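Data block below; observations after.
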Amino acid sequence: MTSPPSSKTLLVFFFFTIAAITVLVYQQGLFGAFIFDDHGNIQENTQIRVTELNTSNLVEAAMSGRAGPLKRPIAMLSFALNYYFAEGYHYFSFKITNVIIQVFCAWLLFIFYLQIIQLASIQKSTTIKKQTLPFIAFSIALLWAVHPINLTSVLYIVQRMTSLSTLFTLATLIFYLKARCNSQPGAFKNIIFFSASFISFLLAIFSKENALLIPLYCLLIEWVFFYQKSPWTLVNSLSQRNKRAIGLSLSLIIIALGLYVLNYANNGYDNRAFTLTERVLTEARVLCFYISLIVLPRINALGLFHDDIVLSNSIIDPWATLVALIFIASLIIVAIQAREKKPLFAFGILLFFTAHLMESTIFGLEIAHEHRNHFASIGIIIALTGLLIHSQPFNKKRYALVCGGFFIIFALTTTLRSYEWKDNFHLAQYEASHHPISPATQALLSNTAYKTQHYKVAEDAINTARKLAPTESSYAINSMVLAALLKKTLSDELNNEIKSKLKDNPFSASTQIALAHISTHLTNEAFKPLQPYFIEWLTVILKKLGPTQQASTYHYFLAKAYLTTGNTLGAINAHQQAFNLNKTFINPLFEMGNIFLALKQPVAASIVLDQIEQANKNPRLKRDYSLHIQELKEAIQKIEKSQ
């Protein structure tokens, strides 16, 4: 394989141009505030507020994540470093970091694609001259860098998790290809390259779990580009008996793994308003929707939320579900058949679908989000440009005109969208105008309108959200909160609606967030009228859940409500119950300790301290509480000395 462009000047020009244009299209949105999940993961996360760089602080910040089973420590650590170096929550600092990551991703895409088109299997299927290859790699990287479907991965700060995953995924594949293409398989350099690839893989999965698909990307690279190379040529020399044995073994492994994953995925639907079957069927239409946005982005179709997509109840309800399934199956079959003559097209299409195996199939995630295409969109861009590259003979002018036209569309659309992200109220209005039947968008508009004192807009928007999502409790709860903040009479009718929804429907993440928000503000004057209603809602929830681990959080909320209403004994009992139901949830014990300290009861506080010390030995804890335990000990000793 030849190296990247021999001219360092040309390479610098490519990299500088990618960086300059990327910053230019995003610069309008660099000053917008935190939004939606940014608040819980970043702004309200006290553990990333690092004021001193030391191992303890950085580890605690890294492990403070709440998203995903691996907690995404690399992304969380980056937020903590942002906070430290910016000396606080400065939006520009967080967002410019995301833009820089996008630039680095584009640079790595340039290198990765250049490696791909220099492969022998590509060279024999095209007539492109060697000196043209860097310009083609540049065009791919630039098209991807400015594509509007990637905007939420850049300006939506918390989605740095996604962009970091893409960054390290590309690094993994680059090192893998570097080792794979080495003419001396056993060379020491290969050990270095494979080691670097594995380290990049670890960084990727600890940024976001979708990077667990990297082994499949490597297998796809092997199947498309190296199927005539060792070790795959050895398979042809095996006897039919050995081939059948290997095939049977692999089939059993795949079936076992599939059953395990399916069982794991089933657990994610307890708090969803759709079933596994409905999600899988709906995702067929969603994938087609994604492809349409990547091929020809429409500014009125792009958005922060896509909860306005109708669920597929069966293969023919709506009928577009069947059409989508046929289209996807046909596209995959065409791509498989195109491997030899049009390998770039085959690779791109199969890469797109492989990249969606985790977030757009059986797992109980929300139906659609554009950031899921941050890496996947690379596949569609490679596939479409691949059709031009594999044309015989290759027409450089036609390629330049087509890519230039798409670049103008992509860059202008992203620039216009970026402008809408300059402030949250402006963004919410813009999103609501394009997605008027999206409940989440209406809720966002209500929240931002209240903060900017557009109270009538806030009321209308949250009521619209309630009507659009009749089974969702959080919008009704937020409507009650808004009424309290505006000092209006709280409606018994709305209260009954909330209790009915909580009783009859699953508790979504939005519902828990809404209740958590109330629990932390109960002592505020504006929230005091909500106190008795809040206790009623929690009573309904706890009756429904029973003595389950899920109920632990709601007992914790109830304890806070009891304490603010003067029911100290009720608060203590609720905190104890919260811990009893979830032995890894120690916060209720610290709250109990603080209650006993306030009551000047050091003996009772010491008993709670013993529970905390025992609980802190649990290896399943997400963090070490030794420092907080020491603070509680000192507080107890101080009271004992004063008595």
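Being open to solvent by less than 20 Å² (accessible area, probe 1.4 Å) and either more than 30 Å from L304 (Cβ to Cβ) or modelled with pLDDT of 90 or more (or both) is a description that does not apply to I74.
Taking the stretch 607-638, which residues are modelled with pLDDT of 90 or more, hydrophobic (A, V, I, L, M, F, W, C) and open to solvent by 70 Å² or more (accessible area, probe 1.4 Å)? Of everything in the stretch 607-638, just one residue is modelled with pLDDT of 90 or more, hydrophobic (A, V, I, L, M, F, W, C) and open to solvent by 70 Å² or more (accessible area, probe 1.4 Å), namely I607. Within the stretch 13-38, residues that are closer than 10 Å to V99 by Cβ sit with their Cβ atoms under 8 Å from residues that are assigned to a loop (DSSP other than H, G, I, E, B) and open to solvent by less than 40 Å² (accessible area, probe 1.4 Å), at 6+ positions apart or across chains, in these pairs: T22/V146; V25/V146; Y26/L151; G29/L151; G29/W421. Consider the stretch 113-149 and keep the residues that are under 32 Å from the mean Cα position of the chain (by Cα) and among the hydroxyl-bearing types (S, T, Y). The one that is surrounded by the most Cβ atoms within 10 Å (Cβ to Cβ) is Y113.
When the stretch 527-581 is filtered for residues that are among the β-branched types (V, I, T) and open to solvent by 20 Å² or more (accessible area, probe 1.4 Å), the ones remaining, listed by number, are I535, T539, V540, T548, T553, T564, T565, T568, I572.
Within the stretch 474-501, the set of residues being open to solvent by 40 Å² or more (accessible area, probe 1.4 Å), under 24 Å from H454 (Cα atoms), free of Cβ contacts under 8 Å to residues at least 40 places away in the same chain and assigned to a helix (DSSP H, G or I) comprises just one member, N478. Among the residues of the stretch 429-453, those identified as in contact with a helix residue (DSSP H, G or I) (Cβ under 6 Å, 6 or more places away or on another chain) and without any contact (Cβ under 8 Å) to a residue 24 or more places away in the chain are Y430, L445. Using the structure shown, decide if K178 is more than 27 Å from N41 (Cβ to Cβ), in contact with a helix residue (DSSP H, G or I) (Cβ under 8 Å, 6 or more places away or on another chain), in a helix (DSSP H, G or I) and in contact (Cβ under 8 Å) with a residue 12 or more places away in the chain. Judged against the criteria, K178 is a match. Pairing residues of the stretch 247-271 that are in contact (Cβ under 8 Å) with a residue 60 or more places away in the chain and under 29 Å from E366 (Cβ atoms) with residues that are surrounded by 10 or more Cβ atoms within 10 Å (Cβ to Cβ) and β-branched (V, I, T), at Cβ distances under 7 Å and at least 6 apart in sequence or on separate chains, gives L262/I362; A265/I362; Y269/T275. In the stretch 502-523, the residue that is modelled with the lowest pLDDT out of those that are open to solvent by less than 50 Å² (accessible area, probe 1.4 Å) and part of a loop (DSSP other than H, G, I, E, B) is F507. Only a single item in (1) part of a helix (DSSP H, G or I); (2) modelled with pLDDT of 95 or more; (3) crowded, with 20+ Cβ neighbours inside 10 Å is not met by T415, and it is number (3). Just the residues that are modelled with pLDDT of 80 or more, basic (K, R) and either closer than 24 Å to P343 by Cβ or surrounded by 11 or more Cβ atoms within 10 Å (Cβ to Cβ) (or both), please, taken from the stretch 224-249. Scanning the stretch 224-249 gives a single hit, R244. Looking at the stretch 329-348, which of its residues are under 12 Å from L220 (Cβ atoms) and either open to solvent by less than 30 Å² (accessible area, probe 1.4 Å) or touching a Gly at 6+ places or on another chain (Cβ under 6 Å) (or both)? The answer is A335, P343, A346, F347, G348.
The values are calculated or read from the model by the stated rules, or taken from the named source; none is laboratory data. Everything numeric in this text was worked out from a predicted model, so none of it was measured. So basically every Cβ, Gly included, is an ideal-geometry build from the backbone, and we count neighbours across all protein chains shown. Accessible surface areas use protein heavy atoms only, side chains included; no ligands, DNA or RNA. Shrake-Rupley method; radii C 1.70, N 1.55, O 1.52, S 1.80 Å.
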